[in-house]
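S.K.: Can you keep this structure in mind? I'll have questions shortly.
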Amino acid sequence: MSMFKKGKKKTVPELGTSSDIVFMLLFFFMVTTQMRDSESKVQVRVPAASEAAKLERKDLASYINIGTPIPALQSQYGTDARIQLNDSFKTTKDIRDFVAAERESKSEADRSFMTVCIKADQDVRMGIITDVKQELRRCSALKIMYSARKGE
């Protein structure tokens, strides 16, 4: 008696093509989607803009948010305008370290294309924004954009 049966060959049932496509799309979006880096802790109502320029590469942008803290944090930080770098409130003196860390996180070739986006509330005093801009100039971060909504 033979240990192996000759004759019928077993076939493996094929998966449906629709489930393969759904799986590939799910995998693609999981790999390519970037999660938000930081949570906004300040209220920002951006002023209207007459002209708008679009960022070419958002992965090279670093964001500085300036505004009053959200209501949940006002008991701890007050209602004065604050500067938010990543996920914490900082002062203008901390901007130099922030820019240096952001540059280090970029590749050598992309460092010269890094853009700092200032997202400031429309009611923030101009003195704070001027201080931020002066500190950015001191650390040679000269590509600056301002967030604004399209004109009404």
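S.K.: I'm told ILE95 meets every condition in (1) over 15 Å from LYS119 (Cα atoms); (2) part of a helix (DSSP H, G or I) except one. Can you identify the failing condition by its number?
M.R.: Failing condition for ILE95: (1).
S.K.: Consider only pairs whose beta carbons are under 8 Å apart and that are at least six residues apart or on different chains; among these, list those whose first residue lies in the range 112-138 and is without any contact (Cβ under 8 Å) to a residue 24 or more places away in the chain and whose second residue is assigned to a helix (DSSP H, G or I) and of a type outside the set (Val, Ile, Thr).
M.R.: none
S.K.: Taking the condition closer than 20 Å to GLN43 by Cα and either in contact with a His (Cβ under 9 Å, 6 or more places away or on another chain) or open to solvent by 80 Å² or more (accessible area, probe 1.4 Å) (or both), does GLN122 pass? Show your work before the answer.
M.R.: Details: closer than 20 Å to GLN43 by Cα: yes; either in contact with a His (Cβ under 9 Å, 6 or more places away or on another chain) or open to solvent by 80 Å² or more (accessible area, probe 1.4 Å) (or both): yes.
Taking the combined requirement at face value, the residue satisfies it.
S.K.: Just one of ASP20, ASP59, ASP80 is under 30 Å from ARG103 (Cβ atoms), at pLDDT 70 or above and over 24 Å from the mean Cα position of the chain (by Cα); which is it? Step through it out loud before you land on a result.
M.R.: Numbers: ASP20 fails: under 30 Å from ARG103 (Cβ atoms); ASP59 fails: over 24 Å from the mean Cα position of the chain (by Cα).
Among ASP20, ASP59, ASP80, only ASP80 is under 30 Å from ARG103 (Cβ atoms), at pLDDT 70 or above and over 24 Å from the mean Cα position of the chain (by Cα).
S.K.: Can I ask one more? Which pairs have Cβ atoms under 6 Å, sit 6 or more apart or on different chains, and link a residue in the range 90-102 that is in contact (Cβ under 8 Å) with a residue 24 or more places away in the chain to one that is in a strand (DSSP E or B)?
M.R.: Final answer for the pair search is PHE98/LEU85; GLU102/SER62.
S.K.: If we keep just the residues of the range 63-118 that are in contact with an Asp or Glu (Cβ under 6 Å, 6 or more places away or on another chain) and farther than 16 Å from GLU39 by Cβ, which is least open to solvent (accessible area, probe 1.4 Å)?
M.R.: ILE95
The values are calculated or read from the model by the stated rules, or taken from the named source; none is laboratory data. All of these numbers come straight from a predicted model, not from anything done at the bench. Every residue, glycine as well, gets a Cβ built from its backbone with ideal geometry; the counts of neighbours run over all protein chains shown. With ligands, DNA and RNA removed, areas are computed over all heavy atoms of the protein, side chains included. Shrake-Rupley method; radii C 1.70, N 1.55, O 1.52, S 1.80 Å.
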